[in-house]
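The values are calculated or read from the model by the stated rules, or taken from the named source; none is laboratory data. Being a predicted model, the structure only gives us computed values, none of them experimental. Note that each Cβ is placed from the backbone with ideal geometry, even for glycine, and that neighbours are counted across all protein chains shown. Areas reflect the complete protein model, heavy atoms only, side chains present, ligands, DNA and RNA absent. Shrake-Rupley method; radii C 1.70, N 1.55, O 1.52, S 1.80 Å.
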Amino acid sequence: MTTEATLPATSASPTVRQVWTRTRGVVLALVLILVAAVAIASVRSTSQHGMLDPRSADPYGSRAIAELLDDRGVSIRVVTTLDEARAATGPDTTLLVAVPDLLTERQQTQLRTTTRDSGGRTVLLTPDTPSVGTLAPGVSADGARSLDSTLSPRCDLPAARRAGTADMGGIRYRTTSPDADTCYPSDGLPGLVRLPAPEGGGDTIVLGARDILFNDSLDEHGNASLALQLLGSRPHLVWYLPSLSDDALAENGERGFLDLLPSGWLWGTLQLFVAGALAALWRARRLGPLVPERLPVAIRASETVEGRARLYRKANARDRAAAALRSTTRTRLAPLVGIP
């Protein structure tokens, strides 16, 4: 048993209290970000669950318009793959494409080839650039959105004139087709475009707003009338909800997980990385050049020796003091006797 056990235990490691004091700001920021992310995800999942799904009774679902169409004898079939949608087209069928922008370019071309000469009606819901140019040739989306939510038809299309004002504020379009019907203009650009097929009696309708199909806004203005006339002109309605389970989408391989994420989430993640880097630079220790400091007093070497000796004596560390004396003595005597 040596006297080392009697020495006071000293450590340069920070205590738990010190670690918490230094990191509590970062921990608090991470907790706030996590709580905000959970809150945003909860709100979005609650309010937009089953969006544009004719089987959903949520505010942003479309069950109300589906029930009205069913009461008028229109059969509704929900499909989630491109093959099902193409197989269901026909002169007595209306095909509603709920989210055209989710389709790949190849899928859009295949769908357009099928619907062009089908003799039926195709309704494209809020297609943007470049999908609208493929699914509805001669139509392009304007970069600026409509600032008005409720618009008047201002056209000769019977369905629009009977419906009157509707919530058609959204994407605005331009068309080069001379036979196109353009309705619900905002600053001269329409939110509804109807393109008649060259032959067969079919047509393609481009809608720049989805509000007329939502459950919570169907009873406002002429939304219900316009939706019923656009979707109920044929005895059969095929409601196409593009899904990731579509084998054609998987085979193309043109869109991955990151392509399906909204751009806002990607920019938000990049901003978090930048904020983390700035926080690391702010909290990091930056060691500059050594700065000489003039001590307030000059301590003699003899006083240092005496102070250290008193510490040895107070700790009763005779073995350490003796070992230090023997080591120093050997170091000094070795050159004198020629020993390395």
Take the residues in region 114-149 that are in contact with a Lys or Arg (Cβ under 9 Å, 6 or more places away or on another chain) and assigned to a helix (DSSP H, G or I); name whichever of them is nearest to R194 (Cα to Cα). L135
Mind checking which residues of region 67-103 are part of a helix (DSSP H, G or I), touching a residue at least 40 places away in the same chain (Cβ under 8 Å), touching a strand residue (DSSP E or B) at 6+ places or on another chain (Cβ under 7 Å) and under 20 Å from D216 (Cβ atoms)? L69
In region 169-188, the residues that are surrounded by 15 or more Cβ atoms within 10 Å (Cβ to Cβ) and out of contact with any Ser or Thr (no Cβ under 8 Å at 6 or more places or on another chain): S177, A180, D181, C183, P185
Of all residues in region 196-226, which are aliphatic (A, V, I, L, M) and either open to solvent by 10 Å² or more (accessible area, probe 1.4 Å) or touching a Gly at 6+ places or on another chain (Cβ under 8 Å) (or both)? A197, L207, A209, L218, A224
Select from region 154-163 the residues that are in a loop (DSSP other than H, G, I, E, B) and open to solvent by less than 20 Å² (accessible area, probe 1.4 Å) and write down the one among them that is nearest to T122 (Cα to Cα). L157
Residue hits (region 270-299; at pLDDT below 75 and part of a helix (DSSP H, G or I)) are R283
Which one of these is closer than 19 Å to R86 by Cα, open to solvent by less than 40 Å² (accessible area, probe 1.4 Å) and part of a strand (DSSP E or B): V193, V238? V238
